[in-house]
Amino acid sequence: MFADASSFVQSVNSTFIFIVSVCVFFLALITTMMIIFVFKYNRKKNKKAVNIHGSVPLEITWTVIPTILVIIMFYFGWEGYTLMVNAPANSMVIKVTAQMWSWKFEYPNGVKTDTLYVPINKPVKVLLHSQDVDHSFYVPAFKFKKDVIPNRNNTAWFLPEKLGKFDVFCAEYCGLRHSYMYSAVVVMKQKDFDTWLSAQEEKQKDNDTTSAVKL
Amino acid sequence: MSSNSLAVDKSGNLPSYLIDEGKRKGILAWLLSTDHKRIGIMYMIALLSFFAVGVTLGFLIRLELLTPQGTIVNPQAYNEFFTLHGVIMIFIVVVPAIPSIFGNFFLPIMLGAKDVAFPRLNLLSWYLYVVGSIMILLSIVLPGGAADTGWTFYIPYSVRTGTNMIFTLTAVFILGFSSILTGVNFLTTIHRLRAPGMGWFKMPLFAWSLYATGWIQVLATPIVGITLLLVIIERVFGVGLFDPTLGGDPILFQHMFWMYSHPAVYIIIVPAMGVISEIIPVFSRRTIFGYKFIAFSSIGIAVFGSLVWAHHMFAVGMSNNAEFVFSLLTFLVAIPSAIKVFNWTATLYKGSIELEPPMLYALAFIFLFSIGGLTGIIQGALNVDIYLTDTYFIVGHIHYVVFGGTGIGIFAALHYWLPKMFGRMYNKKVAKVAFWIIFVGFNILYFPFLILGWLGMPRRSYHYLPRFQVYHVIATVGSWILVLGLIIMFFNLLKSIRSGKVVTEKNIWGGESLEWQTQTPPITENFVDIPVVNEAPYEYKQNEEEFLEKEEVL
Ligand SMILES: [Cu+2]
Ligand SMILES: [Cu+2]
């Protein structure tokens, strides 16, 4: 079974496929017409042209039909977008901090990591903070991104539906090492995630105490 | 410009603008000329030189991306390259290109005027253009180095970078003034200087396209001017406008930037559509299909195009209402462009089509611009745009629109009008070979961008993951083919200006607009007697007469 990596994948894919199909149809139509006309009415065969000044019915047809089509496309896009807007109330909240040129993730219990670990099938709400310039939190496999803008504190959410490790990119150009600003999302089973999180919490506590001792 | 061999009249014609230097001699007869044709030529020389710089940068960018990192330059150099490539190609090349070269040269002739409304202002806008452009080149060599922000200059990064931002922004500001002056000049020319009898609907469609463009230039360019000025003020005096550390709002900058830069897409593309609307009926030898629909769709684009800017910002976190409205309007702005494409295609129907080089470029324009427009529609959908924005998909889209549209439009215009401008014909066979190389190279270069975007490759990336490499390699090979085609094309055109076959006939292609009724090359002030216009353009009466005769026989 091919599960989608996130709950957004299906709507983005189906909207994309619908629009691309319509576009390919029109491109093929226009191109075929051009090629047919160029051959059929080539001057070698067709010395005399016929003047046709226009046709209002045709103009109306090729205004109204594309208008209806683009409004349908708009509707699919909008419908898909509304899925992305509001995070469910039971979301796990993770604070994402972007800076030139790395990502930091902070869990409700205070655990901080460089890689984002999340449990499968549980909505995650990310609070997006930038320490310096604009960045964009982008997980291609989840078909989703959101800009991370200083002082703006955008939020976003996603529902991971497939186990695995997925790339995180910075999609907004942010200077010298923008293209190295990678991280990853690791989607785990709830059980594994819980174990991982408590282990991290322990480790971090130990670190805190050792560093406190050192002080 | 050696003019000795150029068409000194065999048939008692007046000396052409190339020979008639006016009061001044030599180089000053060019640099201080207020003749719209000479200014057009000066724009052409400057602009195509900058185009060569832009192409070189693009070529180097592609070379760097042949491997996942570190092929030829370091990341800082790469970031400066793509910024310069964007700044040069957008602000110095495609925004001014068609109005300032071909608009300057042909608009007054097509309207039956002696010159533009404000010839001296016209010369001033050329000087502003050259000063702005040279400042951008200087920013490369001055300490600090060329801007590395991308051509969009997004704040806060553009306030923080140590590169020559102020220089670059001032240059773009000056270029904006040049653009505004050209717009004012053309609007006034079209309103005031049409020949007797030339009503609005007897104007060639190229004039209509420059009219729509003029309004966008005049209304939208001041916004980017003031925006860039505010950034300069912010950088120099530390006034908090956009920079969050000073209490400003970076999103305000994005809104102001795109309020100009989206309409600028139409400053870029509408004149090219005008060129195509001239070429298609001429090489089909018939009247254009749906003249008024094409004319009004230019105006429709100008109006709706100024209301869609925030579609560049669907991922910044705007209100849902804003996302809704901007997405809907973005879909609707596609309609006037679609109307044009349908009308051009219908103009081929029952024509008598000759595939001369200008026509090949015009048909390629329709195909490539359609891909550009349709990929734009794909990104109009909100959920899809959230995924595709800031990836290679947008880079592919902009190149299909701006290069496949306007770039190819410029090449079409060069092949169409250059023989008129210089009285010399290029080698048509070589022109056709160059065309096919360019067309093939173009698609091999840019189509993989669309695939890369759908696979999630972020734009402006020096480094990329190995799984993307195959598409980058294909694209880079495409860039070699494209550049080869460009070299052949320009070599052929340059050679024609120096030593091409002399053309003295007025109507080289069988066109019906007024530039084909003047001498080749045109004389100073264009006409001996100002023409009187009785007919709409592209009437091709011979078709009608034939028709009538047939009917009479029947
Ligand atoms: Cu970045
Ligand atoms: Cu836009």
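The values are calculated or read from the model by the stated rules, or taken from the named source; none is laboratory data. Given the structure is predicted, the values throughout are model-derived calculations rather than measurements. Cβ coordinates were reconstructed from backbone atoms using ideal geometry, including for glycine residues, and neighbour counts include every protein chain displayed. Areas reflect the complete protein model, heavy atoms only, side chains present, ligands, DNA and RNA absent. Shrake-Rupley method; radii C 1.70, N 1.55, O 1.52, S 1.80 Å.
Do you know which residues across the stretch B:233-257 are in a helix (DSSP H, G or I) and either surrounded by fewer than 23 Cβ atoms within 10 Å (Cβ to Cβ) or without any contact (Cβ under 8 Å) to a residue 12 or more places away in the chain (or both)?
Within the stretch B:233-257, B:Ile233, B:Glu234, B:Arg235, B:Val236, B:Phe237, B:Pro244, B:Thr245, B:Leu246, B:Ile251, B:Leu252, B:His255, B:Met256 qualify.
I'd like the full set of residues that are more than 10 Å from chain A (Cβ to nearest Cβ) and either under 17 Å from the mean Cα position of the chain (by Cα) or of a type in the set (Gly, Ala, Ser) (or both), limited to the stretch B:377-394.
none
Residue-by-condition table, conditions (1) of a type in the set (Ser, Thr, Tyr); (2) away from chain A (no Cβ under 14 Å); (3) within 16 Å of ligand 1 (Cβ to nearest atom); (4) open to solvent by 30 Å² or more (accessible area, probe 1.4 Å):
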site	(1), (2), (3), (4)
B:Lys420	no, yes, no, no
B:Tyr426	yes, yes, no, no
B:Ile444	no, yes, no, yes
B:Phe447	no, no, no, yes
B:Leu450	no, no, no, no
B:Gly453	no, no, no, no
B:Arg459	no, no, yes, yes
B:Arg467	no, no, no, yes
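Residues of the stretch B:480-502 being surrounded by 19 or more Cβ atoms within 10 Å (Cβ to Cβ) and without any contact (Cβ under 8 Å) to a residue 60 or more places away in the chain, which ones?
Once the filter is applied, which keeps residues that are surrounded by 19 or more Cβ atoms within 10 Å (Cβ to Cβ) and without any contact (Cβ under 8 Å) to a residue 60 or more places away in the chain, the stretch B:480-502 yields B:Leu482, B:Gly485.
I'd like the full set of residues that are more than 8 Å from chain B (Cβ to nearest Cβ), out of contact with any strand residue (DSSP E or B) (no Cβ under 9 Å at 6 or more places or on another chain) and among the small types (Gly, Ala, Ser), limited to the stretch A:79-93.
Passing the criteria: only A:Ala89.
What number of residues within the stretch B:384-395 satisfy the criterion of being farther than 13 Å from A:Lys146 by Cβ, more than 15 Å from ligand 2 (Cβ to nearest atom) and part of a helix (DSSP H, G or I)?
Number of matching residues: 2.
On the basis of being closer than 17 Å to A:Val96 by Cα, at the interface with another protein chain (Cβ under 8 Å from one of its Cβ atoms) and touching a residue at least 12 places away in the same chain (Cβ under 8 Å), does A:Ala184 make the cut?
Details: closer than 17 Å to A:Val96 by Cα: yes; at the interface with another protein chain (Cβ under 8 Å from one of its Cβ atoms): no; touching a residue at least 12 places away in the same chain (Cβ under 8 Å): yes.
Judged against the criteria, A:Ala184 is not a match.
Look through B:Tyr464, B:Tyr471 and report the one residue that is outside any loop (DSSP other than H, G, I, E, B) and over 26 Å from the mean Cα position of the chain (by Cα).
Every option except B:Tyr471 fails the conditions.
Out of the residues in the stretch B:280-299 that are more than 10 Å from every other protein chain (Cβ to nearest Cβ) and open to solvent by 10 Å² or more (accessible area, probe 1.4 Å), state the one that is nearest to A:Thr82 (Cα to Cα).
B:Ile299
State all residues of the stretch A:91-106 that are away from ligand 1 (no atom under 16 Å from the Cβ) and part of a strand (DSSP E or B); if no residue qualifies, say none.
A:Met92, A:Val93, A:Ile94, A:Lys95, A:Phe105, A:Glu106, listed by residue number.
Within the stretch B:57-84, restricting attention to residues that are open to solvent by 40 Å² or more (accessible area, probe 1.4 Å) and touching a Leu at 6+ places or on another chain (Cβ under 7 Å), which residue is farthest from the other protein chains (Cβ to nearest Cβ)?
B:Ile72
Need pairs with beta-carbon distance below 6 Å; first residue open to solvent by 10 Å² or more (accessible area, probe 1.4 Å) and within the stretch B:374-390, second part of a helix (DSSP H, G or I) and among the acidic types (Asp, Glu); sequence gap 6+ or separate chains.
Matching pairs, first to second residue: B:Gln379/B:Asp385.
Select from the stretch A:24-70 the residues that are within 7 Å of chain B (Cβ to nearest Cβ) and closer than 30 Å to B:Met318 by Cα and list them in ascending order.
A:Pro66, A:Thr67, A:Val70
Looking at the stretch A:107-127, is at least one residue surrounded by 20 or more Cβ atoms within 10 Å (Cβ to Cβ), within 16 Å of ligand 1 (Cβ to nearest atom) and assigned to a strand (DSSP E or B)?
Scanning the stretch A:107-127 turns up no residue that is surrounded by 20 or more Cβ atoms within 10 Å (Cβ to Cβ), within 16 Å of ligand 1 (Cβ to nearest atom) and assigned to a strand (DSSP E or B).
Can you pull out every residue in the stretch B:302-311 that is within 12 Å of ligand 2 (Cβ to nearest atom) and either in a helix (DSSP H, G or I) or surrounded by fewer than 22 Cβ atoms within 10 Å (Cβ to Cβ) (or both)?
Residues of the stretch B:302-311 that are within 12 Å of ligand 2 (Cβ to nearest atom), as a first pass: B:304-311.
Residues satisfying the conditions are B:Phe304, B:Gly305, B:Ser306, B:Leu307, B:Trp309, B:Ala310, B:His311.
Among what's in the stretch A:88-102 and is surrounded by 16 or more Cβ atoms within 10 Å (Cβ to Cβ) and of a type in the set (A, V, I, L, M), pick the residue that is farthest from A:Ser136 (Cα to Cα).
So, considering only residues that are surrounded by 16 or more Cβ atoms within 10 Å (Cβ to Cβ) and of a type in the set (A, V, I, L, M), the one farthest from A:Ser136 (Cα to Cα) is A:Met92.
Only one residue in B:Ile45, B:Ile39 is among the aliphatic types (A, V, I, L, M), at pLDDT 95 or above, closer than 28 Å to B:Ile279 by Cα and surrounded by 22 or more Cβ atoms within 10 Å (Cβ to Cβ), so which one is that?
Selected residue: B:Ile39, the only one of B:Ile45, B:Ile39 that is among the aliphatic types (A, V, I, L, M), at pLDDT 95 or above, closer than 28 Å to B:Ile279 by Cα and surrounded by 22 or more Cβ atoms within 10 Å (Cβ to Cβ).
Within the stretch B:336-356, can one find any residue that is more than 8 Å from chain A (Cβ to nearest Cβ) and under 22 Å from B:Leu445 (Cβ atoms)?
No.
Just a yes or no: is a residue in the stretch B:503-513 outside any loop (DSSP other than H, G, I, E, B), touching a residue at least 24 places away in the same chain (Cβ under 8 Å) and open to solvent by 10 Å² or more (accessible area, probe 1.4 Å)?
Checked against the condition, which is being outside any loop (DSSP other than H, G, I, E, B), touching a residue at least 24 places away in the same chain (Cβ under 8 Å) and open to solvent by 10 Å² or more (accessible area, probe 1.4 Å), the stretch B:503-513 yields no hits at all.
So which of B:Phe411, B:Phe367 is within 29 Å of B:Gly485 (Cα to Cα) and surrounded by fewer than 24 Cβ atoms within 10 Å (Cβ to Cβ)? Break it down stepwise before answering.
Values: B:Phe411 fails: surrounded by fewer than 24 Cβ atoms within 10 Å (Cβ to Cβ).
Going through B:Phe411, B:Phe367 in turn, the sole match is B:Phe367.
Scan the stretch A:8-22 residue by residue and report those that are over 13 Å from A:Ile72 (Cβ atoms) and assigned to a helix (DSSP H, G or I).
Those that are over 13 Å from A:Ile72 (Cβ atoms) and assigned to a helix (DSSP H, G or I): A:Val9, A:Gln10, A:Ser11, A:Val12, A:Asn13, A:Phe16, A:Ile17, A:Val20.
Being within 21 Å of the chain's Cα centre (by Cα) and more than 8 Å from chain A (Cβ to nearest Cβ), is that true of even one residue in the stretch B:313-329?
Within the stretch B:313-329 (the criterion being within 21 Å of the chain's Cα centre (by Cα) and more than 8 Å from chain A (Cβ to nearest Cβ)), the answer is no, since none of the residues qualifies.
Which condition from (1) within 24 Å of B:His36 (Cα to Cα); (2) modelled with pLDDT of 95 or more; (3) surrounded by 15 or more Cβ atoms within 10 Å (Cβ to Cβ) is the one that B:Phe527 breaks?
(2)
Counting residues that are under 19 Å from the mean Cα position of the chain (by Cα), which helices (runs of 4 or more DSSP H) fully inside the stretch B:60-168 reach at least 3?
Per the criteria, B:75-87, B:104-111, B:119-141.
Tell me, please, whether a residue that is within 30 Å of A:Ile30 (Cα to Cα), hydroxyl-bearing (Ser, Thr, Tyr) and more than 16 Å from ligand 1 (Cβ to nearest atom) can be found in the stretch B:318-328.
Within the stretch B:318-328, one or more residues are within 30 Å of A:Ile30 (Cα to Cα), hydroxyl-bearing (Ser, Thr, Tyr) and more than 16 Å from ligand 1 (Cβ to nearest atom).
What do you reckon, is B:Phe314 open to solvent by 10 Å² or more (accessible area, probe 1.4 Å) and out of contact with any strand residue (DSSP E or B) (no Cβ under 6 Å at 6 or more places or on another chain)?
Against the criterion (open to solvent by 10 Å² or more (accessible area, probe 1.4 Å) and out of contact with any strand residue (DSSP E or B) (no Cβ under 6 Å at 6 or more places or on another chain)), B:Phe314 does not qualify.
If I ask for residues that are more than 16 Å from ligand 1 (Cβ to nearest atom) and among the aliphatic types (A, V, I, L, M), which ones from the stretch A:160-183 would you list?
A:Leu163
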